[in-house]
Every structure is written in structure tokens, then in C-alpha cells.
1. May I ask you to list the trypsin sites (Lys or Arg not before Pro) in the stretch B:141-217 that are in a DSSP loop and have at most 14 other Cβ atoms within 10 Å of their Cβ?
2. Report the calculated FRET efficiency for B:GLU21 and B:SER115 (r = Cβ-Cβ distance, R0 = 30 Å), to the nearest 0.05.
3. Would you mind computing, in nm to one decimal, how far apart the modelled labels at A:LYS60 and B:ALA180 are, each placed 7 Å from Cα along Cα→Cβ?
4. For the stretch B:21-89, with every protein chain kept in place, what is the accessible area per residue (1.4 Å probe, Å²)?
5. Can you list residues from other chains, or at least 5 along the same chain, whose modelled amide H is less than 5 Å from the amide H of B:ILE124?
6. When only alpha-carbon atoms count, how far does the stretch B:97-207 stretch along each of its three principal axes, as whole angstroms with the largest first?
7. Please list, in chain and number order, the residues 5+ apart from B:VAL163 or on another chain whose amide H is under 5 Å from its amide H, with Hs placed from the backbone.
8. Net charge near B:GLU149: determine it from the other residues with C-beta under 12 Å of the C-beta of B:GLU149, scoring Lys and Arg +1 and Asp and Glu -1.
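The values are calculated or read from the model by the stated rules, or taken from the named source; none is laboratory data. All values reported here derive from a predicted model rather than from experimental measurement. Cβ coordinates were reconstructed from backbone atoms using ideal geometry, including for glycine residues, and neighbour counts include every protein chain displayed. Side chains included, ligands, DNA and RNA excluded: accessible areas come from the protein's heavy atoms. Shrake-Rupley method; radii C 1.70, N 1.55, O 1.52, S 1.80 Å.
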Protein chains: 2
Amino acid sequence: MTRASSRRPGPPTRTERGIPEATVARLPVYLRALTALSDSGIATASSEDLATAAGVNSAKLRKDLSYLGSYGTRGVGYDVEYLRYQIAREIGVTQDWAVVIVGIGNLGHALANYSGFGTRGFRIVALLDADPALVGERIGDMEVRDFAELEHIVETDRVSIGVITTPAGPAQEVCDRLVAAGVTSILNFAPVVLSVPDGVDIRKVDLSIELQILAYHEQRKSGEVALPQVPELPATNGLAPDLPAVGGGVSA
Amino acid sequence: MTRASSRRPGPPTRTERGIPEATVARLPVYLRALTALSDSGIATASSEDLATAAGVNSAKLRKDLSYLGSYGTRGVGYDVEYLRYQIAREIGVTQDWAVVIVGIGNLGHALANYSGFGTRGFRIVALLDADPALVGERIGDMEVRDFAELEHIVETDRVSIGVITTPAGPAQEVCDRLVAAGVTSILNFAPVVLSVPDGVDIRKVDLSIELQILAYHEQRKSGEVALPQVPELPATNGLAPDLPAVGGGVSA
DNA sequence: CCGATTTTGTTCTCACGTTCACAAGCTCCT
DNA sequence: AGGAGCTTGTGAACGTGAGAACAAAATCGG
């Protein structure tokens, strides 16, 4: 994440817009919690209520909100609708963002159908794939179009967000094309590290990494006491003789 | 993440297993990078090479690896196969983990088909759904089974990892059932905050949150100079009069 | 065998994030 | 009007993570 903001040492004056990244990542959670409260007909909520709904500690929540401004009322709490709007505006989901999905395999398919994807604020404008066999297929009310149309679509529909759901192989090339076409935010599902120029934000969602993190902790649980012992380093120049095959890669 | 480990103040003696969470999250990335290098026929790599492949800085990579032990050779670098095995063992992917997927909608479908999911180390043992219309459907070489069979399957196949791909509504209930059945690690795709007892690890993958984070940064880019001004707080008891509808929720 | 060179493992420092604890401020009741 | 009772917003302490820099160890050439 390349998000350097010139920040002088003094206390973080709230007006100079510098919201910590950790806080930014939680704002959507708060937004969802507020929406849920609102749907339940609750008009006012304390930081404690909100924190519970969002699954965080209330002090953290208050500090996070304090970066946006002073939207609560002491002794009372927060007005749910008002705070919801403020957070939505801060995040930027009061406006519409055009999104393209590249790579209509299993996952791309699922995302295209995923009604939840269309959270207000995001609009899928195109499903792209380079495979001619897929082009033309209808998914919901959309049709898969040729990846070659990318540049045209990005320009026409002012696309700023691209989602990559291709296999690992073509992902970097797709990414480069997206960037060259003018996309400045990318959500990558392909199991590769993509490199992008400064000014382009990239986020990664990686199934197998998540599973592996879980596995790590799981391993500690079962073998809390007796862990598989670390074999000694081989004599001098450690060439491993014959180790079991293990993979960290994914060939979607 | 509830992973409190009794740790006394002294220097973190490597032998007492306490790998920082941030490092754990990167180990799978290193593992993948090593696999890629190995596939390219590269037998030895320096921290610089590895760091580049993994998309991190080399000092960080060396420090991360130092938590596992001293597996490099000064002046030379790391033996790719050997290091790969050590990391795989540390993570726990040298053994097989049984996984159940609950909720065979669009996303569950995709995951079931997703060959990449079957990274060595993880084995999908069952696809479950409570909808009778889905039960019996074949996906790949598996058949969707009734959610009621959960407990039986978990016990029989020693399932320790559960993946929730249901809509938000039933997610907490599914989660509770998984935990009660003995599952101790959960990967949640449903857009809700799940609560689990201590000892159960849970990780979240959330599409719309990722998009919203991108949107936040995107907004700063376009309007770098003139941001939409924050409206003043309403008079005393801030009841928002009529704000545009915004959503943070997802109704998959 | 020794010195030059390379690259790891580690120490130190700084920045960031979390949590506690409390003063400031608002409401409501008497 | 005044005080009791809440709840926010924030200052300060603490813990974790990142990066620079360097000493320790290994190889290689002479």
C-alpha cells in the first residue's frame, strides 16, 4: 500500500485528513453495524453498543470515530443515521464506483452473480475474459465481453476499480493492462504478488493464505505440548537430501 | 484472534515458540515464492531474491525467517528446497487438514470447484447445505450433503477447519454448530461479525469491505485538493433531517 | 593460511496501533 | 437551578511491527 502522506510531527490535527490505515479498514465494519442497527429501528447507540455490534473494543471505536470528527453526543451516544451517513461519505460510498471484473472462471462467475457484491456504492460495468469460448455468455443481466475491450470500457464508464479473478499466470499482465487503461485501484484474487506503480492501490484476497494461517494456529492447538521437533541443520552446506513434497502455490 | 501466549519480558528466545502474528501472515507468501523459485529450477536464493519474489523488504524477510530458526548460510543465501520444507512444516501444511464448506451458493460453488483451493495440505471432505433442493447435487467429484450430517462428518473425518459461505443471516448459527461439532478454525465469507468462544480461531474474508477500503483511497486521489466539505454538526441534538440512503450491509 | 567479499542474523530506533483512564460535556431528575 | 449519572473524546502508557545498520559467519581467490 503506497499511501505516504506528508505528516509533520505535531499532534494529528483532525482537520488535515490523515486517517490511520487500521482505522480505514474498520470503517466499513462500523458502517455495516450501523446499517444493521438502523434496520432494527434503533435510532441512537452508545459506543459500547456499536463496538459490540462491530466486534471491537469500545475505546478503539471511539478513537476511530474521533478521526472523522466529533459526531457523538456526550451522555447520549451516536445518532445512528447521522453517523452512518458521515462514515459512508468519508469512505466514499455515497458516490458510485464503476467496477470491472477480469477473469470469468469459477470465482469471477460467483462474484458476478453475487448480489452482495453490488453493495450500494459499487456497480459492475463489465465482465471480461480473454477466452473466446466465454465471451458472449450471459451471467445475470450481464454479458461476458472480450478483454480487448478493456481500454474502451474503462474510458467510457470511468472505471476506477478492477477486480482480478484470473489464474496466477496472466494476472500480472492483466494488472498491467488495467493500470495502463487508467484503473487506479485493484482487488486481486489471483495467488501472486502483483507489482504496480506508485499511485495505484492494490489489495489482495487470498484463500490459501487464509487457510494456511488457520492451519498454523490449529497446529499449535493440537500439539500444544509436544511439537514436531525441528531437525538439526544439516552439516555444513545444508542441502536437504530428500524432503516430502510440499506446495505453497496454487494453480487455479 | 485469541492467541495469548504467556510470554515473559526477556528477549524472545527463538526456541519458545512465539512467532509474531504479522510474520505468520507472511509465511505463506514466502512459501509460495519458494515454490515458484523451485519450479524455475533455482536451488539457492538470497534474502534479497526472496524478498523481491514475495514483495517485501529483505530486512523484514530475514527477521521473519529468523523466528523459525537459522536456516540460511551467511555469504550464500537460503537453500530453496530446505527452507521451503521448514516453512511448510512450521505452518503445518506438511500434514493434511480436513475442511468442510457450509453454504453452497455461488461462492460455495466456486470454492468447491476451485482447484486452487486444494493446495496441498487441505482436503475438502464435505460440501454442506441446509437447502434440500441443493442436497445431492454433484460438484466435481463431490456431492452436496445435508447440513444435518455435520456432526457426523466432523467426527468421522477429524475436521478442524470450516468454511462458511452462507448468507449473513444463518452464518452465526452455522458457526455455532461448527464449533459445537468440534471445529476449531473457521474461515468466514459471510458479511457478519461472528462471535466464537476462546480457543476457536476465526478469519474473515469480506469482499465489500475490501472494495470500500479501495474506494476510500480512490476518493482521496480524485479529489486530492478539494474534498467534499464536512457539513457542520446539526444544532444541539444532532438528528439528521434527511440523508441520502447509504448501505454498508450485504444481503447476499 | 589470510584477507576480501558476500550475505545472514540481530540489535537498535522509530512509527504505528491498542488500551486504559479520566476530564469535559450533555441530559435528566429533584 | 443544581447535582447525579452517563457517555464521549482524548492524553498517556504500553505493546507490536518495520526498517536501517552492523557484526558475525561463510565462501573464495591468491
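1. Those satisfying the criteria are B:ARG158.
2. 0.55
3. Going by the 7 Å Cα→Cβ label model, 2.9 nm.
4. Accessible area per residue: 41 Å².
5. Here B:VAL99 satisfy the definition.
6. For the stretch B:97-207, the Cα extents along the three principal axes come out at 35, 27, 27 Å.
7. B:VAL100, B:ILE101, B:VAL102, B:LEU187
8. For residues surrounding B:GLU149, the net value is -4.
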